[in-house]
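Each reported figure results from applying straightforward, stated rules to the coordinates on display, with no laboratory input. Bear in mind the structure is a predicted one, so any value in this text is a computation, not a measurement. Using ideal geometry, Cβ is built from the backbone for each residue, glycine included, and neighbour counts are taken over all protein chains shown.
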Amino acid sequence: MEPLFIKPDLPRYSQRPLPPYRYLPVADAVAQPHPRVDRAGHSYGQDEEYLPGFTPDDWATCEIYLYGIDLFNHGYWWEAHEAWETVWLAAGQRSTRCGTFVQGLIQLAGAQLKRFIHEPVGAQSLTEHGCAKLARVAGVYLGIDVAALIAAARRCLREDREEFPRIELCF
């Protein structure tokens, strides 16, 4: 099943190819090996990405951040979480406003994954926590219209029409 997206025709922001499948952590995922653990996984044996630092000024040129946006926008929520975790570590995790914001993005990616695999309690919790972290900034931050993303995430959760938010960057 393919997810339906609000804003279906957004451009790609990175040059990296999308993985051959989106990982869905469900019990019957025999056809989808774990990307990093299973030898047949799409990221098996690849080195973890490392980013020496990330500040709010870096977003437009940071390939792994932009790739995370692409992954999120195409329903690769587990993979988006992985990409943004690299950025989160480089941004100072919870010790900086930037790190907290990226953690909010990670939680929104997790929320969409939970919604897609029909785990509403996890989706609700992750949406609330992610939106709370994103809401600590206003306007456009890291290229994202924060209020618009929060509104889209909350609307998709509330209306539950199997439609998912996307992130349109503001350059």
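Distances between placed amide hydrogens fall under 5 Å for PHE164 paired with LEU4, PHE5, ILE6, all partners being 5 or more residues away or on another chain. The trypsin sites (Lys or Arg not before Pro) of segment 38-119 that meet both conditions, a loop assignment by DSSP and at most 12 other Cβ atoms within 10 Å of the site Cβ, are ARG39. In a DSSP loop and with at most 16 other Cβ atoms within 10 Å, the chymotrypsin sites (Phe, Trp or Tyr not before Pro) in segment 33-82 are TYR44, TYR50.
Of all GluC sites (Glu not before Pro) in segment 110-171, which ones are in loop regions per DSSP and have a Cβ with at most 12 other Cβ atoms within 10 Å?
Those that pass, being in a loop and sparsely packed, are GLU162.
Amide H contacts for TYR141 (H built 1.01 Å from N in the peptide plane; partners 5 or more residues away or on another chain; cut-off under 5 Å): VAL146. A Cβ-based charge dipole, computed about the Cα centre of segment 54-171 with Lys and Arg at +1 and Asp and Glu at -1, lands at about 480 debye. Look at HIS129, HIS81, HIS42 and count the other Cβ atoms within 10 Å of each Cβ; fewest to most, that gives HIS129, HIS42, HIS81.
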